[in-house]
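What follows is a single structure, written as structure tokens, with notes after it.
Read the figures in this text as sums done on the coordinates, not as results from a lab. As the structure is a computational prediction, the values presented were derived from the model and not from experiment. With ideal geometry, Cβ positions are generated from the backbone for all residues, glycine too; neighbour counts draw on all protein chains shown.
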Amino acid sequence: IIARYLLHHKILSISEITRYCDAGILGVIPKYQHSMDVSQLVVNKSPKSVISECFRSMRTNMEYISPGKAPQIMAVTSTVAGEGKTFIAVNMAGIMAVGGKKVILLDFDLRKPQIHKAFNVDNHRGVSTLLIGKYNLEECIRHSEWENLDFITSGPLPPNPAEFIGSKKTDELIDLLKQQYDVLVIDTPPVGIVTDALDMIKRADVPLYILRADYSSRNFLNNVNYLVNDHHITKLSIVLNDMGEGASVYTYNYGYGYGYGYGYGGYGSRGYGYDYYTDDVPRKRGFLVRVVDYVRSFF
């Protein structure tokens, strides 16, 4: 067990992030209990679940990133694909729409878009066709099942996505949408692979960097520090996604309690993920998992 722990190079806890990273922590999202082929809007399915409460906590913590100013642009990125940035973007847009904000979700990941899959719509028109003038804004805006939540898909993939994101047309589009919506949530490409999203992240009031527990490497934190220190994105905040049973006991208590002061799953529950205030199904953790967590807690 000790050898396996020492050879493990994946991020497992908030303590690892705060130890090696200069960015702040916005929140922790627990592992979703049901499997998903594509990112989906889940905060509307179980409003009292732990995962919905975590998104509400992040919505509240956003107010401290831009004190005195209501954050209007949120840009979501990650290091590589598969860390859950689209899942976070979709559900952050949903939880803010529930809170009474008029929100629009934009898919600026013009290399591997996912927003159209999340809402199960076609991708024939969107950001790319809007920027070249093929369709106007009204034709590209889609309305979700929620009154306050609209979205624009990526559209057909262009051969030069970096030039699209950094163009003057993009600036004009953002300025126009800011006049019509309270919050713009922008799903951007992973910055660890391409640099398309840098300008969008710098412009955002709330730039979010997504890391996935037991998936993202500790080396990814160097990329976060590079954005904070070299590109001076001081507002950059980290969201630790998919916190599951592979994490330590310490992480469970520290993670979900961020900003609230009570443990993961409810008042004092540890590892069961269920109480009166949630919709989650109780699930007891295996003996071997608890032994591994106990050993890791000493490190």
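The stretch 73-113 and the stretch 201-231 have Cα centres lying 15 Å from one another.
Say R0 is 30 Å: what FRET efficiency, to the nearest 0.05, do residue 172 and residue 234 get from their beta-carbon distance? The formula returns an efficiency of 0.70 here. Near residue 181: Cβ cut-off under 9 Å, other residues only, Lys/Arg at +1 and Asp/Glu at -1. The net charge is +1.
Let me know the shape class of the stretch 1-98, please: from the alpha-carbon gyration tensor, a ≥ b ≥ c as square roots of the eigenvalues, rounded when a/c is under 1.5, otherwise prolate if a/b is greater than b/c, or oblate. Taking the square roots of the gyration eigenvalues as a ≥ b ≥ c, the stretch 1-98 is oblate.
Packing order of peptides 153-159, 72-78, 137-143, highest average first: 72-78, 153-159, 137-143 (average count of other Cβ atoms within 10 Å over each peptide's residues).
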